[in-house]
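S.K.: Shown below is the structure under consideration.
Values in this text are rule-based calculations from the coordinates and carry no lab data. This one's a predicted model, so the numbers in the text were calculated from it and none came from an experiment. As a convention, Cβ positions derive from the backbone with ideal geometry for all residues, glycine included, and neighbour counts pool all protein chains shown.
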Amino acid sequence: MGPIIEDLEAVDAVFAAEFGIQCSPIECRIIRSLCSMVVERAARVAGAVLAAVVLKAKADKVVLSGTVFDANPRMLDETVREMQSRLPNGAKTEVVVQSPSDELFGAAVNAACI
């Protein structure tokens, strides 16, 4: 089976397990499309915010971490792409993705920055 069919089966499985609802193939496609739109919108907003922070802080490195990026590589890719598209031409900002095993370290760094 191809990835789209598997995605649709996963949508149906989640709705059946979480809500007790069986979805038709058309409903699964609609749900999948809506989820894609939400991810795209969230990535654009996150990328714009990151670009603003990079410009304000004159940073040359950004470290990203979190379950959203770990669970959804597309969200990560689109966020980074949006951030880079909003930075001035020639701006070189390195993007580092923190490993899930480093979350305790990341929490300590975040606490120290507050």
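S.K.: Which order do the peptides 80-89, 55-64, 42-51 take when ranked by the mean count of other beta-carbon atoms within 10 Å per residue, highest first?
M.R.: Most protected by this proxy first, the peptides run 42-51, 80-89, 55-64.
S.K.: Inverting the mean 1/r over all pairs of different Cα atoms, compute the Kirkwood radius of region 1-74 and quote it in Å. Working shown, then result.
M.R.: Numbers: mean 1/r = 0.0681 Å⁻¹.
For region 1-74, inverting the mean 1/r across all distinct Cα pairs yields 14.7 Å.
S.K.: Using 0.36 nm per residue, how much length does the chain from Val95 to Glu40 gain when fully extended, once their Cα-Cα distance is taken away?
M.R.: Length gained between Val95 and Glu40: 17.9 nm.
S.K.: Please give the length that would be gained between Gln22 and Asn72 if that part of the chain were fully extended, namely 0.36 nm times their separation in residues minus their C-alpha to C-alpha distance (nm, one decimal).
M.R.: Contour length minus the Cα-Cα distance gives 15.6 nm.
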